1. Alpha carbons only, please: Rg and Dmax for the chain, in angstrom.
2. Which whole-Hz ³J(HN,Hα) couplings does segment 5-17 yield from phi under the Karplus relation 6.51 cos²θ - 1.76 cosθ + 1.60, θ = phi - 60°, glycine and proline marked x?
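Just so it is clear, none of the values below were taken in a lab; they were calculated from the coordinates. All values derive from a computational prediction rather than experimental measurement.
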Amino acid sequence: MHGFGYDDYIRVRDEYGQTWRGVAEETADGSFRYSFRDSRGKSISGLADGFGITLRDEKGRTWRGFVD
């Protein structure tokens, strides 16, 4: 996935061209919780810290990467 964000609003596109819109919320320990939805109502969520990001979809598939 790649995309952009402004404040807590984020928009990314996956490898299939599907657009996901979401938000980032800072947690008490300084990490961030991400939640995304696509136009079909599917969701992806996960956590990010200073080392990377991990996202998981409804079917349990996992993506790992980084926030630049």
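1. 11.3, 34
2. Those phi angles translate into x, 9, 6, 9, 8, 9, 9, 10, 10, 8, 5, 9, x Hz.
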